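This report refers to the structure that appears directly beneath it.
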Amino acid sequence: MHTRLHAIVRSCALRALVPAIFTLLPACATRTSKPTLNGKWESSEPVVNLGRYESVQKRPGQRRDIAVAVAISGGGMRAANFAAGVLGALEGVHVRGADGRDSNLLREVDYFSTASGGGLAAASYLVHLADYKQRHPEDPTAAGFRFASEGAEGVKSDGGRNWREALARNYQASLVRAMLNPFLRGSMNRGDVLERRLGESVLGKVGGRTLTLGDVWVAPGHTPTLPFWVANATVYENGAIFPFTPDIIETYGIKRYCHDEKYQDLASPRDLPLAVGMKASASFPVAIPTTNLISGIDRQNPTLHLMDGGVADNLGVITAARLLGQDRVASKKVLIVIDAYNGTAEPFSNGGMAPGIFTTALRSTSISLDSAHQRVGNLLALVARTDGIKTAVVDFHQARKKQAVDDLRAAETTGEAAAAMRGMTEKAEDTSPQTIDALFTQALGMGTWFKIKKSNQDALLRTGANAIYVQDGAAAPAAQRRLLKDLQQIKNVF
């Protein structure tokens, strides 16, 4: 009886204490800036200015009349591996390139705009492409480059790389070890440890050095060699989108940054390592500390805290649309959105009681992600109407929706691309309806942590490889599968 009474008293005490704790939370969460700029900072968020750079359309062998942007959502290792599978599949979609030469959708991509874990897929593609071009100067158009092949199981590229291995590492273990490290204090935190690990594993070095913003964003008068990539973060103080580009770094007056667990002076915005932006974009609230950049604009408030890009725009669509809108060379523009979202649009719950305090607090860390997905359809429709941009969404759902067969034509999947996918997934591609449906179901159930089981990675890569095709329940040879309706319309633009 005494034990039961004690348990009841303790329960009542906890119930009284919890609201008191949450009453104090607003004070703990108060932002730390002070209004010392006297309104000199513009209220609207800074936007990437393409006029500061050479046109990305001037890459060797690039078709200049069509601008292609790919936006990749957040979602940890689920997003990274699903998007990598989609990119490999886009490499198998053949289109007419410059001067009528054979090309593919992936090679024609001009802009990547990513949030959180989706940045790991774009980074993998860029670093493998950069490494290939550095090692093969005789092939300036990278006609011999195959992204899917460089992720094949047990196969290393000329530079000793394999993006599949990089996207399978347990980065979460580094976060846990860093959290328990008594010597990691002060300005350094576990997020800086994650930045080093991601930088070493996903990006590594090309030609013996770390890739920086200047390797991607080329000044006027110089020839670009890579697509332009924007890793989007969110400004902690005001919620603005922070695109990692040299002109944005300059706008915010960034003078110091942390890379490889060391704070360093920034001589030029072009010198900022890509790994800094990649990690900042993936700094999920609470789980991973913010990335802290030091600005020279306001000496009393010098720190710019950057958190996960998904908080402001989990799809990267806003930055992608802004880039396409500024492209003055291309007359036709397309936007492909790779979305690893596994939530639901269902607004109802089976719970009769109001959500608890802790449940609500936890929900507040992710509700903005769900909110963004509620509006993506309307947003893309608006982009299409106002800017004339053709759009397509590749996710866990589009492929399994009913589509009008009359509007679709068979897509060609080359034996080369199919072979690369077989190597990447360790087995001959089984495209039976039952297998594909099981893959999509498995992918939908995966979390967003920075670790992944090998079986789950296989499923995500294969799901991504199949997500660009209509899965209507009818078995068909790989060469006769049909592209999603919107993707087919984009292919027709070429």
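The values are calculated or read from the model by the stated rules, or taken from the named source; none is laboratory data. None of the values given here were measured: they were computed from a predicted structure. Please note: Cβ atoms are built from the backbone with ideal geometry, for glycine as well, and neighbour counts cover all protein chains shown. The area values use the complete protein model at the heavy-atom level, side chains included, leaving out ligands, DNA and RNA. Shrake-Rupley method; radii C 1.70, N 1.55, O 1.52, S 1.80 Å.
Conditions: (1) at pLDDT 95 or above; (2) in contact with a Pro (Cβ under 8 Å, 6 or more places away or on another chain). T210 meets all but one. Number of the miss?
In the conditions (1) at pLDDT 95 or above; (2) in contact with a Pro (Cβ under 8 Å, 6 or more places away or on another chain), T210 misses (1) alone.
Which numbered condition in (1) outside any strand (DSSP E or B); (2) crowded, with 21+ Cβ neighbours inside 10 Å is the only one that D247 fails?
(2)
Does A372 satisfy being at pLDDT 85 or above and aliphatic (A, V, I, L, M)?
Numbers: at pLDDT 85 or above: no; aliphatic (A, V, I, L, M): yes.
So A372 does not fit the description; no.
I need every pair where a residue in the stretch 146-163 that is closer than 13 Å to E91 by Cα has its Cβ under 7 Å from the Cβ of a residue that is of a type in the set (S, T, Y) and in a loop (DSSP other than H, G, I, E, B), sequence separation at least 6 or different chains.
The qualifying pairs are E150/S157.
Taking the condition of being under 24 Å from S113 (Cβ atoms) and either open to solvent by 50 Å² or more (accessible area, probe 1.4 Å) or more than 20 Å from the chain's Cα centre (by Cα) (or both), how many residues in the stretch 298-310 meet it?
1
To keep it simple, each residue is scored yes or no on (1) modelled with pLDDT under 90; (2) small (G, A, S); (3) over 23 Å from P243 (Cα atoms); (4) not in a loop (DSSP other than H, G, I, E, B).
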position	(1), (2), (3), (4)
G325	no, yes, no, yes
I336	no, no, no, yes
E346	yes, no, yes, no
S349	yes, yes, yes, no
A361	yes, yes, yes, yes
S368	yes, yes, no, yes
A384	yes, yes, no, yes
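Looking at S295, S364 in this structure, which one is open to solvent by 70 Å² or more (accessible area, probe 1.4 Å), among the small types (G, A, S) and more than 21 Å from the chain's Cα centre (by Cα)? Talk me through it step by step, then tell me what you get.
Numbers: S295 fails: open to solvent by 70 Å² or more (accessible area, probe 1.4 Å).
Going through S295, S364 in turn, the sole match is S364.
Quick grid of which residues meet (1) within 22 Å of I248 (Cβ to Cβ); (2) open to solvent by less than 40 Å² (accessible area, probe 1.4 Å):
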residue	(1), (2)
G316	yes, yes
R328	yes, no
V334	no, yes
P347	no, no
A354	no, no
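With the requirement that a residue be buried (at least 16 other Cβ atoms within 10 Å of the Cβ) and either of a type in the set (D, E) or assigned to a loop (DSSP other than H, G, I, E, B) (or both), what does the stretch 278-288 give you? Before the answer, list the steps.
In the first step, residues of the stretch 278-288 are kept if they are buried (at least 16 other Cβ atoms within 10 Å of the Cβ); the result is 278-285, 287-288.
Those that are buried (at least 16 other Cβ atoms within 10 Å of the Cβ) and either of a type in the set (D, E) or assigned to a loop (DSSP other than H, G, I, E, B) (or both): A282, S283, F284, P285, A287, I288.
One line per residue, one yes/no per condition, for (1) in a helix (DSSP H, G or I); (2) modelled with pLDDT of 95 or more; (3) in contact with a helix residue (DSSP H, G or I) (Cβ under 6 Å, 6 or more places away or on another chain):
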site: G221; (1), (2), (3): no, yes, no
site: L226; (1), (2), (3): no, yes, yes
site: W229; (1), (2), (3): no, yes, yes
site: N238; (1), (2), (3): no, no, no
site: R256; (1), (2), (3): no, yes, no
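From the residues in the stretch 383-397 that are within 18 Å of the chain's Cα centre (by Cα) and of a type outside the set (A, V, I, L, M, F, W, C), which one is surrounded by the most Cβ atoms within 10 Å (Cβ to Cβ)? If you could, list the steps in order and put the result at the bottom.
The initial filter retains those residues of the stretch 383-397 that are within 18 Å of the chain's Cα centre (by Cα), namely 391-396.
From the residues that got through so far, the ones that are of a type outside the set (A, V, I, L, M, F, W, C) too are 391, 395.
Values: T391: 25, D395: 19.
Going through the qualifying residues, I end up with T391.
What number of residues in the stretch 218-235 are more than 24 Å from V109 (Cα to Cα) and surrounded by 23 or more Cβ atoms within 10 Å (Cβ to Cβ)?
Going through the stretch 218-235 one residue at a time, the tally reaches 1.
Going through the stretch 467-494 one residue at a time, which ones are open to solvent by less than 60 Å² (accessible area, probe 1.4 Å), in a helix (DSSP H, G or I) and at pLDDT below 95?
Within the stretch 467-494, A478 is the sole residue that qualifies.
Name the residues in the stretch 349-389 that are within 17 Å of A115 (Cβ to Cβ) and among the charged types (D, E, K, R), would you?
Those that are within 17 Å of A115 (Cβ to Cβ) and among the charged types (D, E, K, R): D370, R375.
Scan the stretch 198-207 for residues that are touching a residue at least 12 places away in the same chain (Cβ under 8 Å) and surrounded by fewer than 21 Cβ atoms within 10 Å (Cβ to Cβ) and report the count. Reasoning before the result, please.
Within the stretch 198-207, the first condition is being touching a residue at least 12 places away in the same chain (Cβ under 8 Å), and the residues that meet it are 198-199, 201-204, 206-207.
From what is left, the residues that are surrounded by fewer than 21 Cβ atoms within 10 Å (Cβ to Cβ) are 201, 204, 207.
Final tally of qualifying residues: 3.
Residues M188, M179: which one is hydrophobic (A, V, I, L, M, F, W, C) and open to solvent by 40 Å² or more (accessible area, probe 1.4 Å)?
Values: M188 fails: open to solvent by 40 Å² or more (accessible area, probe 1.4 Å).
After applying the criteria, what remains is M179.
Please specify each residue of the stretch 381-403 satisfying the condition of being within 15 Å of Y341 (Cβ to Cβ) and either touching a residue at least 40 places away in the same chain (Cβ under 8 Å) or among the β-branched types (V, I, T) (or both).
Those that are within 15 Å of Y341 (Cβ to Cβ) and either touching a residue at least 40 places away in the same chain (Cβ under 8 Å) or among the β-branched types (V, I, T) (or both): V393, V394, D395, F396, Q398, A399, R400.
Can you tell which of D298, D327, D339, D260 is acidic (D, E) and closer than 20 Å to R209 by Cβ? Can you show your working first?
Details: D298 fails: closer than 20 Å to R209 by Cβ; D327 fails: closer than 20 Å to R209 by Cβ; D339 fails: closer than 20 Å to R209 by Cβ.
On inspection, the qualifying residue turns out to be D260.
Just checking, does the stretch 315-334 include any residue being more than 26 Å from Y53 (Cα to Cα) and not aliphatic (A, V, I, L, M)? Show your work before the answer.
Restricting attention to the stretch 315-334, the residues satisfying the condition of being more than 26 Å from Y53 (Cα to Cα) are none.
No - not one qualifying residue is present in the stretch 315-334.
Each row is one residue, and each column tells you yes or no for (1) over 20 Å from the mean Cα position of the chain (by Cα); (2) in contact (Cβ under 8 Å) with a residue 12 or more places away in the chain; (3) open to solvent by 10 Å² or more (accessible area, probe 1.4 Å).
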| position | (1), (2), (3) |
| --- | --- |
| R209 | yes, no, yes |
| V216 | no, yes, no |
| R256 | yes, yes, yes |
| E261 | yes, yes, yes |
| L266 | yes, yes, yes |
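Looking at A275, A320, which is the one that is assigned to a helix (DSSP H, G or I), open to solvent by less than 10 Å² (accessible area, probe 1.4 Å), in contact with a His (Cβ under 9 Å, 6 or more places away or on another chain) and at pLDDT 95 or above? I'd like the intermediate steps shown before the answer.
Values: A320 fails: in contact with a His (Cβ under 9 Å, 6 or more places away or on another chain).
Only one candidate qualifies: A275.
Would you check if S149 is in contact with a Leu (Cβ under 8 Å, 6 or more places away or on another chain) and over 18 Å from L335 (Cα atoms)?
Details: in contact with a Leu (Cβ under 8 Å, 6 or more places away or on another chain): no; over 18 Å from L335 (Cα atoms): yes.
In short, no.
Go through S55, S33, S43 for me and flag whichever is at pLDDT 95 or above, more than 23 Å from T463 (Cβ to Cβ), surrounded by fewer than 24 Cβ atoms within 10 Å (Cβ to Cβ) and among the polar types (S, T, N, Q). Outline the logic, then answer.
Values: S33 fails: at pLDDT 95 or above; S43 fails: at pLDDT 95 or above.
After applying the criteria, what remains is S55.
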